[in-house]
Every structure is written in structure tokens, then in C-alpha cells.
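The values are calculated or read from the model by the stated rules, or taken from the named source; none is laboratory data. In this text, all values refer to a predicted model and were calculated from it rather than measured experimentally. Here Cβ is always computed from backbone atoms with ideal geometry, including for glycine, and neighbour counts include all displayed protein chains.
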């Protein structure tokens, strides 16, 4: 036996780590099968060829991950050929053991986190992951721990990590055993040199996954019109890598969105945001109270299926039938802070950008603030949040943006409190209390927190019928019936409390001088679009409006709108010829083309829609059926192109506006 580390040791060590990597690739493939069936969709399995393509791409992506893990070990094996010391070889084996244990355990952990992220957001890990540390982290941890899946996932993860360490330990023991697997005695120096050069090159090629310009990644996963099939191909590791890169880019310097998406800044003019509300003599006379309510997770999907058997609206249905409701409506983003910032600042949610509330601009007074026109008109401005005002620093942010009085969960007795604050009965109690407090006209912005995992209702609550439709189960795959039951009980409870609030308004003198708008911050987290044709249902929230008889205007309920349009609409309804700054358009304006969009680049206007991937420039064009709320793909039209141009110009101009301060 040779007393030095030589080429024969090198080649045999490479052969001995192959079983470890085969085990890893099998485990990764088994997880991909589990992922497919956990979030299963019966219609999916008609696309067998595309599923096979997704698994082939997934296999290549898994090989790329393993290539990165093995690259360190292969470099060590190669460097040892220069040292040729057998003692050094034996001493570095402990590091190799440590490296493999940490690397494979990390992959397992990231995969588990990615699974939880997909359960919550219907997407693989993205930049929103870092909001875990910016949000109420303790409450998030308690929410995660309360989920039934956590108690399955944690022991499985521990078991997997234990098995990983055992297999790695066996592998490193085999590396110590110098028994040859292949005799390289007859390899000449040129063959040996070729192999030593070839192995790292092959590893590098596996890591890239392709010989094209860009390495294999998320960009290559657009293999199907079915978005879930594309998601099945992706790995958690690649998704995390993309998220980290996006976070680094976001955190380095302020990202210039116009340059990022190739918009000519010289053609942008922030003065287009300077507007004036319509002449409204009745509003001048009445000076109506204005209540803008954002309900947590008030998604549109359950509303579309409301019935006697699935009675999610309860008494709120009466108000929906009596008043104005917009159903072709988009929230500004997919998490609560997106909505709060967009509605308070009258601006869209900007991609690639830090949240304003947690940036140096948090204490900048923006002229576009929702409250500013009301303060100009001598209103008392109030903000109510159903949770802690320390969450994301919103207390200071709201005060800076012109709210005279701010109330959080501590402003009322915390009876039947949930993880994120007070329940909706208490929430509406605060709103009503502040509405009735003195006779001056008031503008109240109120955001609830209750319809949030782990979904809890007060013990006294008796729910109405909730037989969950199959179509909703289809868009919430992988959720247990018991969990969905809790979810919709909480959703129903919030709606019924909103109905009680409206009953009080309508059955008192307030009915003549109070405007109420109710919308959702985002859709229910569990709602997923397994095919691109369901994208609108994945995002949509309704927008309800109660307008006193004397103040009513003609409003087309089929109008397309989004969060940034609410402020301009309220100004037209409640004020008269007041100057304001806003990116959105009043829904009362019949001369303007109404285009709505969200932070994910989904754009909607009348019967057209576009999915715009702002990161890679991919555009998918649709027709939109306002009755079924379904999309159907089509070729690009001039209208589609105008929508994309409007979207890019608006987010670029809003970025210029925010950053000029």
C-alpha cells in the first residue's frame, strides 16, 4: 500500500462519494414527487408530458445543487495530489465529513422552509422571506408552531438530518479504507492529467446545468402554461439563491427601477401625479365622514362562491346587494405591508425596493399621503390598526403621514386576543367609538388583523353553514378540512362583524353623512393559481362602498381598479376641488382608461390582462372573462402593449417620486 496520497487514492475517493450523491438525488426526486401530490390538481395530470419535462429539469437542477456541494470536496481531493501526504489526507476527512453533514442538512432545512413558504404564499421562496425578520417575528414563530404541519415536518427534518449524518459517516469511513476500486497502474501521465482537469470541468458544467449563456435556474422553468408544473421543477436552493441576490440588490443602494426595467427616465414626469378632485357641492355642504376599512385577508374567491351552504358573507351579503361592489379589483401586493404603504401613500407597490416604513424615508412627509387632502379640508384624521403599532414601525409612519390620532390593540380591552392583535368585534368597536367621538368630520383609516393564521374566533361565536365548494378546495390544495373550516369560520366572523358595523351606520343619522369603503389587504394566503388562467382569482379582493344617497355618483361595478385608485375615488366622493398627489385614478373618471396592477406584475384592464415578470421580462397575454373571472391566453394586442407601458411608466415614476424626498 502506498504511503502517499496519489492518483489512485484520488480516483477511488471520487468513486466512493458516488453512492452518497445517488442517495441525495433519489431523496430530492422523492421530495419532488411528494410536492406534486401534496399540492395536487386533478386537471394537472392531463399534462403528463409536461410533468415529465418538469421532472427532467428538476433532476438537472438537483444535479446542479449537488455539483456545488461536491465542488469543495473535489477541489480538496485535487489539491491533495500536489501535497501527496497521506496524513494530511486523513486529517481533512473530518472537514469533508463536517462539510457534507452541514451542506445536506442545510438543503433539507431550506427545502422544509420552502415547503412552508409555498403553503403560505403559493410560491417558492422569494424576497418576502426576509420579511420574517422585519415583521412581528415572535408572532410569526407562534403562528408557524400552531400549524399542524409543523409537528410532522420537524421530526421528519430531524430524522432526515440524522440519516444524512449516518450516511456521510459511512462514506468518510470508506474514504479512510484505502482498498482500491479501480487500478490506475496502466494510466499514463497524460491520461491522469486529462482526468484531473476533466473532473472539475464536469463539476463546473453540472453546477451551471447548461452550456447556454445563463446558468440553469428559475428563468428556465417556464416549460408549461401551468404555473404549478413550472413550480414543481424548481428547487428550494435555487429559489433561496435568487431571493438572496434580490435582497442584496435591494439593500445595496436604492435601485433605479426605470433603469432596471429599461424605461427612459427623461420621458417621465412626476407632475402627472398632481391632480384635483371634482367639483362636489353636496360634499362641501355635508362634509361627510369617510371610513376606509382594510380587512385582513378579505379575498374575493370565497365571496364568489357565497351561498346558503357556504355562507362566508353572512349578513354582509345584504349590504353587498344594496350597495356598490367592485369585483374586478386587485390589491397592491401579496402581504399586508404592501397594502398599507400603497393605500397610505397613494402609490403602487414598487418592485426591488425597501419598504418605506422600514427605510430612512419612514419619517418623510409625503404630499401624496392619503390623509393630506382631509387635513387641508379641516377633517380630524385617525388611524386604527388591530395589532401592535410597533409592527414594522407603522405607528411613527402613520403619524408622519398626517394622522392626528392613532390607535392600536392597546386602545381597547384585549378580550379574546389572537396572535396578531384584537378580534374583529373589538376592532370595529374602536372604529365606531372614534367615529362617534365629537361631531367634527372625520377621516378614519382602519386595518384589521384577525383573519390570519392560526385562525381563531372567540369561543362564543356560532358559525353559519360552511360546506366548502370543490372549486375552492382545488385552489387551496394540501389543506386539511379541519384547517379550512377554521379559516372560513374566521373569515365569516370578520364579515359578520363588518355587517354589524354597517347596520349601525345605516340605522342611525350616520347613514346620511358617512361614506364607508371596505376592501382586503390581500387574498387568503392559502389561495393558489395552479394554472395561469386562475391568476386573477389568486390575487383578487373585492371593494365595497356605502355612499349616502345625496352623495351617490354613477359607478360601473365592472370597472377595473386597484388599491391606489381608492384615495382618488374618495376625494371625488367626499371633497370638492381639492388638490392632491396620487398615482391612481378615481373610478368616477369615465374619461380615463382604468388599468390595475399588483406587485407581482399582474395587470388588468377591462377584458385584457398581462402577466409581466419584471425580473426576466417575460410577458404572457390574456383575455379576461369578468363573469367567470378566468383568463385565456392570446397573442399580444396594442391594448396589451399599452397596459405594459402604463405599468412600467407608473412604477418608474412612483419610484422617482418616492426617492426625490
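Scan 599, 632, 652, 611 and give me the residue that is assigned to a loop (DSSP other than H, G, I, E, B), in contact with a helix residue (DSSP H, G or I) (Cβ under 9 Å, 6 or more places away or on another chain) and touching a residue at least 60 places away in the same chain (Cβ under 8 Å). Result of the check over 599, 632, 652, 611: 599. Restricting the range 455-484 to residues that are surrounded by fewer than 15 Cβ atoms within 10 Å (Cβ to Cβ) and touching a strand residue (DSSP E or B) at 6+ places or on another chain (Cβ under 8 Å), the residue that is nearest to residue 530 (Cα to Cα) is 467. Within the range 399-419, if we keep just the residues that are at pLDDT 85 or above and out of contact with any strand residue (DSSP E or B) (no Cβ under 8 Å at 6 or more places or on another chain), the residue that is surrounded by the most Cβ atoms within 10 Å (Cβ to Cβ) turns out to be 401. If you go through the range 361-377 and keep only what is in contact (Cβ under 8 Å) with a residue 60 or more places away in the chain, surrounded by fewer than 23 Cβ atoms within 10 Å (Cβ to Cβ) and part of a helix (DSSP H, G or I), you end up with 361, 372, 376.
Being buried (at least 24 other Cβ atoms within 10 Å of the Cβ), on the phi < 0 side of the Ramachandran plot and either under 24 Å from the mean Cα position of the chain (by Cα) or in a loop (DSSP other than H, G, I, E, B) (or both) is the requirement here; does residue 604 meet it? Break it down into steps so the answer makes sense when it comes.
Numbers: buried (at least 24 other Cβ atoms within 10 Å of the Cβ): yes; on the phi < 0 side of the Ramachandran plot: yes; either under 24 Å from the mean Cα position of the chain (by Cα) or in a loop (DSSP other than H, G, I, E, B) (or both): yes.
It is true that residue 604 is buried (at least 24 other Cβ atoms within 10 Å of the Cβ), on the phi < 0 side of the Ramachandran plot and either under 24 Å from the mean Cα position of the chain (by Cα) or in a loop (DSSP other than H, G, I, E, B) (or both).
Scanning the range 168-204 for residues that are loosely packed, with under 15 Cβ neighbours inside 10 Å, part of a helix (DSSP H, G or I) and either at pLDDT below 75 or out of contact with any helix residue (DSSP H, G or I) (no Cβ under 8 Å at 6 or more places or on another chain) (or both) yields 170, 173, 189, 190, 191, 193, 194, 197, 198, 201, 202.
Matching residues to (1) touching a residue at least 60 places away in the same chain (Cβ under 8 Å); (2) outside the structural domain of residue 325 (by TED's automatic domain parsing); (3) farther than 27 Å from residue 464 by Cβ:
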position	(1), (2), (3)
493	yes, no, no
500	yes, no, no
504	yes, no, no
508	no, no, no
522	yes, no, no
532	yes, no, yes
540	yes, no, no
543	yes, no, no
547	yes, no, yes
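Meeting the requirement of 3 or more residues that are closer than 30 Å to residue 189 by Cβ and either assigned by TED's automatic domain parsing to the domain that holds residue 474 or touching a residue at least 60 places away in the same chain (Cβ under 8 Å) (or both), the helices (runs of 4 or more DSSP H) wholly within the range 1-114 are 7-16, 48-83.
Looking across the range 539-569, the residues that are in a helix (DSSP H, G or I) and buried (at least 22 other Cβ atoms within 10 Å of the Cβ) come down to 539, 563, 564, 565, 566, 567, 568, 569. Within the option set 281, 236, being within 30 Å of residue 516 (Cβ to Cβ) and at pLDDT 85 or above holds for one residue only, 281.
So is residue 104 modelled with pLDDT of 80 or more, surrounded by 14 or more Cβ atoms within 10 Å (Cβ to Cβ) and under 30 Å from residue 12 (Cα atoms) or not? Can you show your working first?
Details: modelled with pLDDT of 80 or more: yes; surrounded by 14 or more Cβ atoms within 10 Å (Cβ to Cβ): yes; under 30 Å from residue 12 (Cα atoms): yes.
Yes; evaluated as a whole, the condition is true for this residue.
Among the residues here, residue 282 does not qualify as touching a residue at least 24 places away in the same chain (Cβ under 8 Å), surrounded by 22 or more Cβ atoms within 10 Å (Cβ to Cβ) and assigned by TED's automatic domain parsing to the domain that holds residue 574. Could you check the range 295-331 and list, in sequence order, the residues that are touching a helix residue (DSSP H, G or I) at 6+ places or on another chain (Cβ under 6 Å) and over 23 Å from residue 624 (Cα atoms)? Selection gives 295, 312, 313, 314, 315, 316, 319. Here residue 306 clears all of (1) under 30 Å from the mean Cα position of the chain (by Cα); (2) within 30 Å of residue 545 (Cβ to Cβ); (3) in contact (Cβ under 8 Å) with a residue 40 or more places away in the chain except the condition numbered (3). Residues that are within 30 Å of residue 512 (Cβ to Cβ), part of a loop (DSSP other than H, G, I, E, B) and touching a strand residue (DSSP E or B) at 6+ places or on another chain (Cβ under 7 Å) within the range 420-449 comprise 440, 441, 448, listed in sequence order. Among the criteria (1) free of Cβ contacts under 8 Å to residues at least 24 places away in the same chain; (2) over 16 Å from residue 272 (Cα atoms); (3) not in a loop (DSSP other than H, G, I, E, B), the one residue 645 does not fulfil is (2).
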